[in-house]
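*Asks:* First, the structure itself, so that you have it in front of you.
The values are calculated or read from the model by the stated rules, or taken from the named source; none is laboratory data. Predicted model, so just to flag it, every value in this text is computed and none were measured. So basically every Cβ, Gly included, is an ideal-geometry build from the backbone, and we count neighbours across all protein chains shown.
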């Protein structure tokens with residue numbers, strides 16, 4: 001994980017306090033997660049297969065906004081198919097061993113959110129700025145690309161790692177630990 005600087009932590013703490021006053025769910029590690037998100041270039045996302053096991057974590061571009069994460073992805077990817085089926089997502093911030101959480105993923109069909117992604121991704125990623133990759137209006141309109149909003153539900157223990165083919169952690173926090181791995 002990138003070294004966290006005091007201003008980033010202070011800003012993340014302020015965001016967390018605003019979320020508390022707005023009634024949004026805030027987890028114990030949300031300040032660390034928010035600070036990590038502000039410094040990260042990538043997140044890694046795994047979904048849950050039909051057999052209950054986790055998939056491999058896929059590195060994706062993202063935009064963090066209001067305690068949530070927005071991603072764009074191919075409409076026919078495995079993660080899209082599993083999310084459409086109701087799969088939770090497991091997210092690692094920054095690296096495959098960065099702060100991790102289980103989140104709820106939902107499709108966003110709002111044109112304004114898609115336009116926000118079209119505008120913001122090139123500001124964060126130089127390959128998109130060059131026009132080589134990144135979301136384009138025509139790809140949204142044709143249905144090739146979808147936007148997914150991820151809302152954190154439960155932080156996972158420090159050092160939680162991707163283990164494709166093993167049982168995925170549950171979204172509930174009954175034990176505060178992932179289910180059998």
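*Asks:* Inspect the stretch 92-108 for any residue being over 25 Å from residue 164 (Cα atoms), surrounded by fewer than 20 Cβ atoms within 10 Å (Cβ to Cβ), at pLDDT 90 or above and touching a strand residue (DSSP E or B) at 6+ places or on another chain (Cβ under 8 Å) and give the result as yes or no. Let's see the steps before the verdict.
*Replies:* Kept after step one, since they are over 25 Å from residue 164 (Cα atoms), are these residues of the stretch 92-108: 108.
Now restrict to residues that are surrounded by fewer than 20 Cβ atoms within 10 Å (Cβ to Cβ): 108.
Imposing the further condition that a residue be at pLDDT 90 or above reduces the set to 108.
Within this subset, residues satisfying the condition of being touching a strand residue (DSSP E or B) at 6+ places or on another chain (Cβ under 8 Å) are 108.
Scanning the stretch 92-108 turns up at least one residue that is over 25 Å from residue 164 (Cα atoms), surrounded by fewer than 20 Cβ atoms within 10 Å (Cβ to Cβ), at pLDDT 90 or above and touching a strand residue (DSSP E or B) at 6+ places or on another chain (Cβ under 8 Å).
*Asks:* Every residue in the stretch 32-64 that is surrounded by fewer than 23 Cβ atoms within 10 Å (Cβ to Cβ), under 12 Å from the mean Cα position of the chain (by Cα) and free of Cβ contacts under 8 Å to residues at least 40 places away in the same chain, please.
*Replies:* Within the stretch 32-64, 58, 59, 60, 64 meet the criteria.
*Asks:* To continue, here is another question. Is there a residue in the stretch 146-158 that is assigned to a loop (DSSP other than H, G, I, E, B), at pLDDT below 90 and loosely packed, with under 12 Cβ neighbours inside 10 Å?
*Replies:* yes
*Asks:* While we're on this one: Do the conditions hold for residue 82, that is, is it free of Cβ contacts under 8 Å to residues at least 40 places away in the same chain and more than 24 Å from residue 161 (Cβ to Cβ)? Quick ask: steps written out before the conclusion?
*Replies:* On the way: free of Cβ contacts under 8 Å to residues at least 40 places away in the same chain: yes; more than 24 Å from residue 161 (Cβ to Cβ): no.
The answer is no for residue 82.
*Asks:* Next up: Within the stretch 39-68, can you find the residues that are in contact with a helix residue (DSSP H, G or I) (Cβ under 7 Å, 6 or more places away or on another chain), farther than 11 Å from residue 87 by Cβ and part of a strand (DSSP E or B)?
*Replies:* Of everything in the stretch 39-68, those that are in contact with a helix residue (DSSP H, G or I) (Cβ under 7 Å, 6 or more places away or on another chain), farther than 11 Å from residue 87 by Cβ and part of a strand (DSSP E or B) turn out to be 58, 63, 64.
*Asks:* Can I ask one more? Is there a residue in the stretch 111-130 that is in a strand (DSSP E or B), touching a strand residue (DSSP E or B) at 6+ places or on another chain (Cβ under 9 Å), within 16 Å of residue 144 (Cβ to Cβ) and in contact (Cβ under 8 Å) with a residue 40 or more places away in the chain?
*Replies:* Checked the stretch 111-130: no residue is in a strand (DSSP E or B), touching a strand residue (DSSP E or B) at 6+ places or on another chain (Cβ under 9 Å), within 16 Å of residue 144 (Cβ to Cβ) and in contact (Cβ under 8 Å) with a residue 40 or more places away in the chain.
*Asks:* Right, residue 81: at pLDDT 85 or above and surrounded by 13 or more Cβ atoms within 10 Å (Cβ to Cβ) or not?
*Replies:* Spelling it out, it is not the case that residue 81 is at pLDDT 85 or above and surrounded by 13 or more Cβ atoms within 10 Å (Cβ to Cβ).
*Asks:* Yes or no: the stretch 131-138 includes at least one residue that is under 20 Å from the mean Cα position of the chain (by Cα), over 20 Å from residue 84 (Cα atoms), modelled with pLDDT of 65 or more and not in a loop (DSSP other than H, G, I, E, B).
*Replies:* no
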